[in-house]
1. Please label the shape of segment 454-568 as rounded, prolate or oblate, based on the square roots a ≥ b ≥ c of the eigenvalues of the alpha-carbon gyration tensor (a/c under 1.5 means rounded; beyond that, a/b larger than b/c means prolate, else oblate).
2. Remind me, relative contact order of segment 244-316 in percent, using alpha carbon pairs under 8 angstrom and six or more residues apart?
3. For segment 274-381, what does the equivalent ellipsoid look like in terms of its semi-axes, each the square root of 5 times an eigenvalue of the Cα gyration tensor, given largest first in whole Å?
4. Over the Cα atoms of segment 1-69, what Rg and Dmax result, in angstrom?
5. List the trypsin sites (Lys or Arg not before Pro) within segment 289-342 that DSSP assigns to loop and that have no more than 11 neighbouring Cβ atoms inside 10 Å.
6. Long-range amide H contacts for ARG498: which residues qualify at under 5 Å (H placed 1.01 Å from N, peptide plane, sequence gap of 5 or more or a different chain)?
7. Give me Rg/Rg_expected for segment 36-183, where Rg uses Cα atoms only and Rg_expected = 2.2 N^0.38 Å with N residues.
8. Whose amide H sits under 5 Å from the amide H of SER367, counting only residues 5 or more places off or on another chain, with H placed in the peptide plane?
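Here, each number is a calculation from the coordinates, and none is a lab measurement. Just so it is clear, the structure is predicted and the values come from calculations on it, not from any experiment. Cβ coordinates were reconstructed from backbone atoms using ideal geometry, including for glycine residues, and neighbour counts include every protein chain displayed.
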Amino acid sequence: MLEEIGTLLEMKDESAFRSLAYARAAKALLAVPGEMDEIIKSTDLKGIRGIGESIRQKIMEIYETGRCAYCEEIRKSLPPGIIQMLRVPGLGPKKARILYERLGISSINELQYACNENRLVGLPGMGARTQEKILENIAFFQKHADMHLYSFALSEAQSVFAPLKKSNKTIRIAIGGSIRRKKEVIRDIDIVASSGKPAEVMELFTKLPAVETVVVSGETKTSVTLASGIAVDLRVVADEQFPYALQYFTGGQEHNVRLRGIARKKGLKLNEYGLFRVEDNSFVKCLEEAGIYRELGLEYVPPELREDMGEVEAALAGKLPDLLEERDIVGLFHVHSRYSDGRDEISEIAQAAKGHGYKYVGLTDHSQVAAYAGGMKVSDLFAQSEEIDRVNAQVPGVHVFKGAEVDILPDGTLDYPDEILKNLDFTICSIHSKFNMTEEEATNRIIRAMENPHFTILGHPTGRLLLGRDGYPIDMKRIIDAAASLGAAIELNAHPQRLDIDWREMKYAKNRGVKIAIGPDAHNLGGFEDMAYGIGIARKGWLEKADVLNAMTLDEISEFFKSRKAKKAA
């Protein structure tokens, strides 16, 4: 909401200082590690650099009520369509203001029409290519208009789930749907509860501060829209029906269809209300979801796997994977410091990693060509190496590995020469430029980089930004095959806007023996929390502890790095 206020102030052409103050406050808040409850209890938001008293009061208002009167006031001062226009990728507040002031454009439909009529050409800072790009981005937006990032949807779900769970009106309650399956993007929120007082639960639900509009209200189902625009369905059932409703409303649809087919073959009927014997319609009592799967002759299928991608066959054969757990992660890769575009000192990063229980952290600041991100010159790299040595001596219990996020250049070479790369413990090699490649060009570019003797991990392999831009086109099967033959690892970038490598590709990587490195791509200490999203996606991709690079112990990962270097040298 702070980011939105800053954007809207810029849209209104208010002072740049005020607009930037809100943008900086949002970044400052994101950088504080921990949950909001803990932050407010320990600091009351006072003393946090970048958050003044006026903004602090607004944060407290948002925290306590789910709303911000100041934000709502600014929203009302602008046409609603303009605010929606800002959701089109690449269309910032300055361009939107010009479009409104010069052409009276205040909606996406008007903008699309104006582009088709060639009306943007000649406006300040715009031309034919800008117009073409805006049309492409409108098409992208329309395709994903009702979708939300998993991290955002989860936060919004918690805002209504937590007070319902705290109340004495519910017996059992859970977040279901695609959030429970940990999909990377979410259309809406499903919550399932059991209660002996369903009408009272529904009344409480519709009066929650986060609820803006009640769409449908009934005894067993109520649908609302939150102030953020995301839809929530609440279903309330009798407690004996809860396991069946939770299983049904977790989905996915294809998985549920498979289960109903298995039930029919066993003379059973399965739906959201229960499991019944067809011959006499008698109720088969299951206390938990696991009981439903057991009655159907299956192992319990974790929610993340319920996509009809082989999990039913594996459950029937008793061969489901022992999925990765948070406790399996021993260390972190892909962390930025002040040596490039990160916020924190190396000593602070080491202490934070230790505080999270990690045994090692792989530092990977940007390489020299990434000047926009403060990329490190060779002299910076040597200075950082010396500082890492000092930190490793001063902070026992956690080891900082010397790495870099090295750009893969357009011709497939790496951004530092080999005589510099050989001094690093490991590298994360990523594409950050020239995205307009053919699939063949992009695939060959990455594979050529993998052949470098100092290549360790392929960073965010498609370069996608969820709901922001599609990744560059690559043949992921060829990339994975190359990684398998060359001994390279592939990153699962845990940042909620990336979650890249896609979970649909990970099962193939697992079968080919390619290690996956889960990295938060952290630019501040708060970014460590994003590991939870990466672990969820890893589970969705069928990964087990043995498949994950940073589930190795410190000794094992040190040996892995050394053996790769020795193997390449040979």
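1. Taking the square roots of the gyration eigenvalues as a ≥ b ≥ c, segment 454-568 is oblate.
2. For segment 244-316, the relative contact order is 31 percent.
3. In descending order the semi-axes read 51, 15, 12 Å.
4. Taking only Cα atoms of segment 1-69, I get Rg and Dmax of 12.0, 37 Å.
5. Of the trypsin sites (Lys or Arg not before Pro), the ones in loops of segment 289-342 whose Cβ has at most 11 other Cβ atoms within 10 Å are LYS319.
6. Here LEU466 satisfy the definition.
7. 1.40
8. MET376, GLU405, ASP407
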